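Working notes for the structure below.
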Amino acid sequence: MKYRDLNIQTQREAPNNARTEGFAFLVRAGYLTRENVPTQLGQTVLDHLQRQSVDPAFLSQLSLATIGNDSETFFPIDSGSVDIAHCPFCKYTERLELARFLKPAGILHELPLPLEKVLTPDCHTIEALATFLGIPKEKTAKALMYTRIVDNKFVFVVVRGDMQLSEAKLKAHVGEVRVATAEEIERSGAAAGYASPVGLKDTLVVVDELIPQSQNLVAGANEAGYHLKNTNHGRDYRAEIIEDLVRAKAGDACINCRHPLSVLSAIVLATRKTYDVQNILLALAETYHDAKGLTLPHPAAPFDVYLMHVPGKEIDTRAQAEEIYNTLETADMRVLFDDRDERAGVKFNDADLIGCPIRITVGEKALRGGMVEIKARMATNNVLVLIAEIAGFLIK
Ligand SMILES: [Zn+2]
């Protein structure tokens with residue numbers, strides 16, 4: 001391909017909306033627009049990655065620092081849109097909303113005490129309730145109310161007050177739900193802000209597995225301004241579904257090895273064998289760059305060679321470069337020919353930004369000896385190679 005045909009536009013400055021260095025270089029090198037849309041050059045590399053993805057070893061060949069599980073492969077990055085729970089010790093990795101963890105036993109087993117209705121004015125939240133009663137949050141039951149989409153069933157969920165519900169886990173057990181309306185809550189006999197499953201009719205009660213293990217919890221009295229002390233699952237209400245329903249957080253114990261879980265932002269590179277090549281390109285750029293630009297490894301780079309000529313005074317360097325271009329293309333190499341009549345410095349900068357593994361420079365001085373300069377992107381020095389020996393040199 002020729003530089004001008006690809007309509008490459010490089011930029012000196014990083015875009016001000018860049019959240020990571022990799023994204024900044026992809027925009028500066030002309031692979032992506034500021035709006036994260038692939039350019040023609042970008043599409044060339046995406047197509048190249050897509051073609052390579054049929055190889056079972058595709059992702060591992062790119063040597064990216066990925067984490068994952070049987071179904072998904074992630075790349076941790078600050079700008080990522082997916083939250084991941086990850087165990088640095090045993091490598092357990094799962095989307096945060098589905099991650100399992102070892103729940104703290106927290107409170108000691110107690111004998112059930114009699115129910116007691118208490119006045120709790122303005123205690124609409126777990127925090128306010130725990131403060132008002134002078135008890136830890138793990139002694140409270142948090143209520144969340146939904147309506148199941150498929151049959152309009154009222155779904156009453158209870159998790160311990162010190163835990164957060166994972167709607168993803170809830171949906172995995174009961175199907176799609178939406179938040180219940182005020183009318184639906186009232187119809188069930190519950191009172192918003194003061195709700196519990198005690199005494200409700202025609203309700204699917206779903207509780208986290210910690211609830212049956214926790215005695216004498218404070219829960220709503222289904223009457224505005226009142227709570228019940230000493231509610232006990234099994235005696236005061238009974239759940240149809242008892243499952244893990246709560247969301248892991250950083251520091252929770254790994255389900256496999258008890259080490260503390262980390263929570264990371266990530267992008268998804270693959271779902272089973274379906275690859276997101278644009279995210280893979282971002283991961284590559286994040287991993288492979290230096291101060292001057294991208295340093296894409298051979299299997300990822302859109303071109304093997306960046307070929308350029310330095311306009312000469314006596315020799316038509318462009319014509320010589322064109323010949324070399326044709327020879328290398330015939331030898332099945334992927335070549336980006338910078339055929340512009342620009343100064344050498346401009347082209348060197350662009351070559352470094354775009355990050356092909358090899359740069360070939362066709363200039364007057366070396367041409368007098370029948371040679372060109374070859375420089376690997378990551379090398380500090382050039383080597384001079386006879387024109388007739390270029391293809392052989394590169395294959396080495
Ligand atoms: Zn672990």
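The values are calculated or read from the model by the stated rules, or taken from the named source; none is laboratory data. A quick note: this is a predicted structure, and the numbers were derived from the prediction, not measured. All Cβ positions, glycine included, derive from the backbone under ideal geometry; neighbour counts span all protein chains shown.
Take the conditions (1) small (Gly, Ala, Ser); (2) surrounded by fewer than 21 Cβ atoms within 10 Å (Cβ to Cβ); (3) in a strand (DSSP E or B); Ala219 misses just one of them, which is (2).
Counting the residues of the stretch 85-117 that are buried (at least 16 other Cβ atoms within 10 Å of the Cβ), away from the ligand (no atom under 16 Å from the Cβ) and either modelled with pLDDT under 95 or in a loop (DSSP other than H, G, I, E, B) (or both) gives 2. For the stretch 138-190, the set of residues classified as among the hydroxyl-bearing types (Ser, Thr, Tyr) and in contact with a helix residue (DSSP H, G or I) (Cβ under 7 Å, 6 or more places away or on another chain) consists of Thr140, Thr147, Ser166, listed by residue number.
For the stretch 228-252, how many residues meet the condition of being in a strand (DSSP E or B) and either within 16 Å of the ligand (Cβ to nearest atom) or of a type in the set (Phe, Trp, Tyr) (or both)?
Matching residues across the stretch 228-252 total 1.
Scanning the stretch 222-280 for residues that are closer than 30 Å to Val45 by Cα and of a type outside the set (Val, Ile, Thr) yields Leu264, Ser265, Ala266, Leu269, Ala270, Arg272, Lys273, Tyr275, Asp276, Gln278, Asn279. Taking the criterion of being in contact (Cβ under 8 Å) with a residue 12 or more places away in the chain, under 29 Å from Glu13 (Cβ atoms) and out of contact with any strand residue (DSSP E or B) (no Cβ under 8 Å at 6 or more places or on another chain), the only residue of the stretch 353-386 that qualifies is Met378.
Condition check ((1) surrounded by 20 or more Cβ atoms within 10 Å (Cβ to Cβ); (2) in contact with an Asp or Glu (Cβ under 7 Å, 6 or more places away or on another chain); (3) farther than 21 Å from Thr140 by Cβ) across all residues:
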{"position": "Glu176", "(1), (2), (3)": "no, no, yes"}
{"position": "Ile185", "(1), (2), (3)": "yes, no, no"}
{"position": "Lys229", "(1), (2), (3)": "no, yes, no"}
{"position": "Asp236", "(1), (2), (3)": "no, no, no"}
{"position": "Glu243", "(1), (2), (3)": "no, yes, no"}
{"position": "Ala248", "(1), (2), (3)": "yes, no, no"}
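Within the stretch 176-184, is even one residue away from the ligand (no atom under 16 Å from the Cβ), under 30 Å from Asn69 (Cβ atoms) and either not in a strand (DSSP E or B) or not β-branched (Val, Ile, Thr) (or both)? Yes, there is a match, as at least one residue in the stretch 176-184 is away from the ligand (no atom under 16 Å from the Cβ), under 30 Å from Asn69 (Cβ atoms) and either not in a strand (DSSP E or B) or not β-branched (Val, Ile, Thr) (or both). Selection of the stretch 50-73 for residues being within 16 Å of the ligand (Cβ to nearest atom) and hydrophobic (A, V, I, L, M, F, W, C) yields only Ile67.
Within the stretch 253-281, the residues that satisfy the criterion of being within 16 Å of the ligand (Cβ to nearest atom), surrounded by fewer than 20 Cβ atoms within 10 Å (Cβ to Cβ) and not in a strand (DSSP E or B) are Ile255, Asn256, Cys257, Arg258, His259.
Scan Asp5, Asp78 and give me the residue that is free of Cβ contacts under 8 Å to residues at least 12 places away in the same chain and either loosely packed, with under 13 Cβ neighbours inside 10 Å or in contact with a Pro (Cβ under 7 Å, 6 or more places away or on another chain) (or both). Spell out the reasoning first.
Working: Asp78 fails: free of Cβ contacts under 8 Å to residues at least 12 places away in the same chain.
Of Asp5, Asp78, the one residue that is free of Cβ contacts under 8 Å to residues at least 12 places away in the same chain and either loosely packed, with under 13 Cβ neighbours inside 10 Å or in contact with a Pro (Cβ under 7 Å, 6 or more places away or on another chain) (or both) is Asp5.
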